[in-house]
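I have placed the structure first, in the form of structure tokens, so that the comments after it can refer back to it.
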Amino acid sequence: TPSKEGKMFIKALFDYDPNEDKAIPCKEAGLSFKKGDILQIMSQDDATWWQAKHAGDANPRAGLIPSKHFQERKQCARALGVVPMPGNPFPVRSFRLSRKDKKTNKSMYECKKSDQYDTADVPTYEEVTPYRRQTNEKYRLVVLVGPVGVGLNELKRKLLISDTQHYGVTVPHTTRAKRSQESDGVEYIFISKHLFETDVQNNKFIEYGEYKNNYYGTSIDSVRSVLAKNKVCLLDVQPHTVKHLRTLEFKPYVIFIKPPSIERLRETRKNAKIISGRDDQGAAKPFTEEDFQDMIKSAQIMENQYGHLFDKIIVNDDLTVAFNELKTTFDKLETEAHWVPVSWLH
Ligand code: 5GP
């Protein structure tokens with residue numbers, strides 16, 4: 001096999017500190033990294049410990065990092081509440097809690113075909129490659145995620161107004177009746193319940209929900225039609241839908257809008273209102289202390305669970321500052337190279 005040494009780049013999907021790793025043979029030899037860091041692989045000769053450097057680091061010395069296989073095993077073991085056993089080579093796909101070890105009375109795990117654990121859901125590393133959009137190519141889908149009340153819709157709206165030719169949003173589908181001032185295809189695409197249900201069956205929706213006995217949803221085709229107009233498509237969705245959008249076709253760039261500290265929330269949102277419904281259509285009420293706490297808690301959960309899918313985190317402390325950061329991010333996205341999964345380029 002041709003050597004990939006020094007030519008392979010991976011994105012770390014977890015935090016690693018060798019000082020806290022009991023399995024590493026020599027802590028000083030380890031390389032610490034954070035979720036989202038790009039690492040250059042210098043050697044994969046050892047099945048358990050790879051040698052890597054931080055990408056762009058001029059220092060020629062590489063450090064040890066757990067191999068993908070070993071890290072998957074560690075994470076599976078942790079998820080199942082058992083003790084990982086380094087140096088015991090077996091394929092990771094599917095661990096199963098099987099029996100108690102007679103001496104230690106600890107649960108052991110063995111590898112047999114089992115659906116209990118799917119390594120596709122174990123975030124370890126992802127092979128990445130630099131990608132720069134070509135001028136004749138469609139724009140990438142930009143996904144905005146963040147907790148309720150963080151100001152995501154406000155930022156989205158500011159961006160749209162700043163350049164209506166350049167940015168676009170999807171038109172949702174609904175089964176409710178069209179109101180007199182509305183036109184089909186503008187506020188919504190109005191369809192029958194039957195058609196909506198068929199479309200759901202055929203996986204045509206990225207997400208959908210029910211509100212006052214009607215269905216509402218965003219279709220995959222509605223994203224396509226924005227991109228087909230040669231616009232940047234802005235989409236805000238729940239973070240769990242992101243993994244279904246991570247395809248070659250959309251090459252989504254995921255931005256997490258994060259709340260500042262609770263102190264800053266109290267200061268900056270003193271006279272602001274929180275809008276409960278989606279797309280700012282709910283009733284607006286002044287923020288309560290509980291809203292701030294919920295926002296921070298929900299942001300933490302999102303970051304823990306889906307942080308490995310975020311390409312960029314923007315803290316919305318001051319709206320103008322956050323907006324400018326968002327603008328800069330978009331400019332860079334269109335002019336500079338970004339790391340994307342290798343699978344998106346083939
Ligand atoms: P309305 O019928 O007043 O236009 O909208 C009522 C509600 O429908 C909104 O507040 C929002 O909660 C929901 N809604 C609108 N578009 C979508 C969508 O694309 N997906 C989902 N899940 N709900 C939507």
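Every read-out reported here was derived from the displayed coordinates using simple, explicitly stated rules and does not represent laboratory data. What you are looking at is a predicted structure, and each value in this text was computed from that prediction instead of being measured. Every residue, glycine among them, receives a Cβ derived from its backbone with ideal geometry; neighbour counts consider all protein chains shown.
Descriptive notes on the structure:
- Gain upon complete extension [residue 238, residue 284; 0.36 nm per residue less C-alpha separation]: 14.5 nm
- Using only side-chain charges placed at the Cβ, +1 for Lys and Arg and -1 for Asp and Glu, the dipole size of the chain relative to its Cα centre rounds to 720 debye.
- Value of relative contact order over the chain, rounded to a whole percent, pairs C-alpha under 8 Å and six or more apart: 17
- Normalised alpha carbon radius of gyration of the range 170-230 [divisor 2.2 N^0.38 Å]: 1.09
- Ranked 76, 26, criterion: other C-beta atoms within 10 Å, fewest first: 26, 76
- Distance (nanometres) between label positions extended 7 Å along Cα→Cβ at residue 317 and residue 134: 4.2
- Farthest positive-ward along the chain dipole, Cα basis, beta-carbon charges - from 340, 244, 160: 244
- By DSSP, the beta bridges lying fully in the chain are antiparallel in about 65 percent of cases.
- Potential lengthening between residue 202 and residue 79 on full extension [0.36 nm per residue; Cα-Cα distance subtracted]: 41.0 nm
- Within the range 237-346: Cβ-based charge dipole about Cα centre, in debye rounded to nearest 20 (Lys, Arg +1; Asp, Glu -1): 160
- Each peptide in 235-244, 327-336, 308-317 gets a packing score, the mean of other Cβ atoms within 10 Å over its residues, and the list from highest to lowest is 308-317, 235-244, 327-336.
- Filter on 178/204; 156/204; 34/204; 212/327; 27/297 - keep pairs with C-alpha separation over 27 Å: 34/204; 212/327; 27/297
- Take every Cα pair under 8 Å whose residues are at least 6 apart in sequence, average their separation, divide by the length of the range 150-241, and the relative contact order is 34 percent.
- Helix-derived mean residue ellipticity, 222 nm - over the chain, DSSP H n ≥ 4, -39500 (n - 2.57), to 500: -7500 deg cm²/dmol
- Computed over the alpha-carbon atoms, the chain gives an Rg to Rh ratio of 1.01, Rh here being the Kirkwood radius from the mean inverse distance.
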